[in-house]
1. For the range 172-185, which residues satisfy the criterion of being touching a residue at least 24 places away in the same chain (Cβ under 8 Å) and surrounded by fewer than 19 Cβ atoms within 10 Å (Cβ to Cβ)?
2. Can you spot a residue in the range 14-28 that is more than 15 Å from VAL291 (Cβ to Cβ) and surrounded by fewer than 22 Cβ atoms within 10 Å (Cβ to Cβ)?
3. Can you tell me which of ALA245, ALA231, ALA275 is away from the ligand (no atom under 12 Å from the Cβ), within 30 Å of PHE143 (Cβ to Cβ) and at pLDDT 95 or above?
4. With the condition kept exactly as written, say whether any residue in the range 115-125 is of a type in the set (Gly, Ala, Ser) and surrounded by 21 or more Cβ atoms within 10 Å (Cβ to Cβ).
5. Restricting to the range 22-53, count the residues that are within 16 Å of the ligand (Cβ to nearest atom) and either small (Gly, Ala, Ser) or not assigned by TED's automatic domain parsing to the domain that holds ILE98 (or both).
6. Being more than 16 Å from the ligand (Cβ to nearest atom) and in contact (Cβ under 8 Å) with a residue 24 or more places away in the chain is the filter here, so list the residues in the range 196-214 that pass it.
7. Looking at LEU219, LEU174, which one is on the phi < 0 side of the Ramachandran plot and within 28 Å of the chain's Cα centre (by Cα)?
8. Please identify the pairs in which a residue from the range 152-165 that is near the ligand (Cβ under 6 Å from one of its atoms) has its Cβ atom under 7 Å from the Cβ atom of a residue that is among the basic types (Lys, Arg), counting only partners at least 6 apart or on another chain.
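The values are calculated or read from the model by the stated rules, or taken from the named source; none is laboratory data. Here the structure is a predicted model, which means the values were calculated and not measured. Every residue, glycine as well, gets a Cβ built from its backbone with ideal geometry; the counts of neighbours run over all protein chains shown.
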Amino acid sequence: MVDEALHDVVILGAGPAGLAAAIYTTRSRLDTVVLDAQGGGGQLAIIDRIENYPGFDKAVTGMELFEAMRRQAEGFGVQVGFDQAQKLEADDASVTVIGDAGRYRARALIVATGARHRELCIPSEERLKGRGVSYCATCDGNFFAKKPVAVIGGGDTAVKEAIYLSRIVEKVYLVHRRDRLRAEALLQERIRERPNVEFCFDSVVDEIEGTDAVSGVRLKNTKTGELRRIAVEGVFVFVGILPNAEFLSGHVDLDPLGFVRTDPRMRTRHPRIFAAGDVRADSVRQIGAAVGDGITAAVTIQEMLDTETPPRRCGPECAI
Ligand code: NAP
């Protein structure tokens with residue numbers, strides 16, 4: 001698709017940050033294009049229980065929250081297009097996103113592409129992916145009903161997903177490389193109440209065993225070097241996240257892990273490129289924080305464009 005128009009804003013990513021930004025830019029009558037590589041939601045869509053997003057006094061699923069955000073955005077005219085950004089071209093006046101399906105040019109770009117899971121990067125993990133090795137408890141947990149599984153990691157995600165799995169599977173071995181969890185206190189309290197969770201602290205995965213399917217995990221004690229085998233049929237890996245920001249290379253500053261550096265108004269080094277949500281360095285990686293980032297970026301862009309020309313109105317009557 002060749003999109004010759006100069007839009008006001010292109011937003012990459014239709015998760016909480018991107019949709020919040022889009023709600024604000026469309027309500028400000030900025031001509032906005034929202035693109036998502038997978039249809040939207042990002043990591044939000046696979047969370048099974050959210051109870052810390054303000055405004056909901058009962059827990060909701062990530063999908064329910066995403067659908068509510070999307071419906072709200074659509075009510076203001078936001079349409080989410082499918083495309084994955086591969087490259088950018090940027091000058092003083094505009095930014096062009098080059099995607100798999102087309103080119104999109106705008107006076108400002110908000111990068112809200114989020115993050116993806118990290119892997120253990122051991123050969124047996126690669127070999128057994130989809131054959132017992134998983135990165136999503138909500139998606140795959142049911143395959144392991146009444147079977148033993150290992151969860152790797154000690155952060156919020158690992159503990160949350162281990163709690164979820166403990167309701168389905170026979171037993172969860174929570175494998176963490178240190179002697180204490182990183183997860184927030186409430187999650188730690190909850191997981192300690194689960195009768196079928198065994199903690200394997202000071203332990204890393206040395207090898208995932210199995211030929212066509214996972215049959216066990218060999219753990220190595222980080223203090224003693226001792227090896228131990230646990231018999232499990234599933235291995236769920238939650239060892240942190242990596243930013244979806246490779247396509248920005250050269251245009252913005254990144255931190256050592258590749259997250260986008262911004263100032264508090266979500267400005268990057270390039271005056272027309274903004275970043276919001278999990279892709280941003282220093283993000284606290286909460287849904288509410290991502291929403292706040294998206295809104296901040298949208299308001300900052302609105303102020304910037306207001307100083308350049310009067311805001312244009314969206315809609316066919318203003319097709320100039
Ligand atoms: P995280 O907080 O970075 O935790 C990653 C965990 O994996 C850490 O415990 C880390 O160990 C461990 N780890 C990293 N590399 C490892 C390796 N190679 N082998 C073994 N273990 C390894 O990541 P996350 O849990 O995915 O959370 C990401 C962000 O989202 C965080 O900011 C988190 O607060 C947020 N989040 C919030 C919620 C919520 O409900 N509020 C839910 C999910 C995520 P160390 O502890 O030793 O570093």
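1. The initial filter retains those residues of the range 172-185 that are touching a residue at least 24 places away in the same chain (Cβ under 8 Å), namely 172-178, 180-184.
Across the range 172-185, the qualifying residues are ARG177, ARG178, ARG180, ARG182, GLU184.
2. There is at least one residue in the range 14-28 that is more than 15 Å from VAL291 (Cβ to Cβ) and surrounded by fewer than 22 Cβ atoms within 10 Å (Cβ to Cβ).
3. On the way: ALA245 fails: within 30 Å of PHE143 (Cβ to Cβ); ALA275 fails: within 30 Å of PHE143 (Cβ to Cβ).
Just one listed residue meets the conditions, ALA231.
4. Of all residues in the range 115-125, those of a type in the set (Gly, Ala, Ser) come to 115, 124.
Checking which are surrounded by 21 or more Cβ atoms within 10 Å (Cβ to Cβ) leaves us with 115.
The answer is yes, given that some residue of the range 115-125 is of a type in the set (Gly, Ala, Ser) and surrounded by 21 or more Cβ atoms within 10 Å (Cβ to Cβ).
5. Start the filter on the range 22-53 by keeping residues that are within 16 Å of the ligand (Cβ to nearest atom), which leaves 41-53.
Filter once more, so that each one left must be either small (Gly, Ala, Ser) or not assigned by TED's automatic domain parsing to the domain that holds ILE98 (or both): 41-42, 45.
Final tally of qualifying residues: 3.
6. Pass one, the range 196-214, residues more than 16 Å from the ligand (Cβ to nearest atom): 196, 198, 209-214.
The answer is ASN196, GLU198, GLU209, GLY210, ASP212, ALA213, VAL214.
7. Working: LEU219 fails: within 28 Å of the chain's Cα centre (by Cα).
When all the criteria are applied, what remains is LEU174.
8. Once the first residue is near the ligand (Cβ under 6 Å from one of its atoms) and sits in the range 152-165, its partners that are among the basic types (Lys, Arg) give GLY154/ARG178; GLY154/ARG182; GLY155/ARG182.
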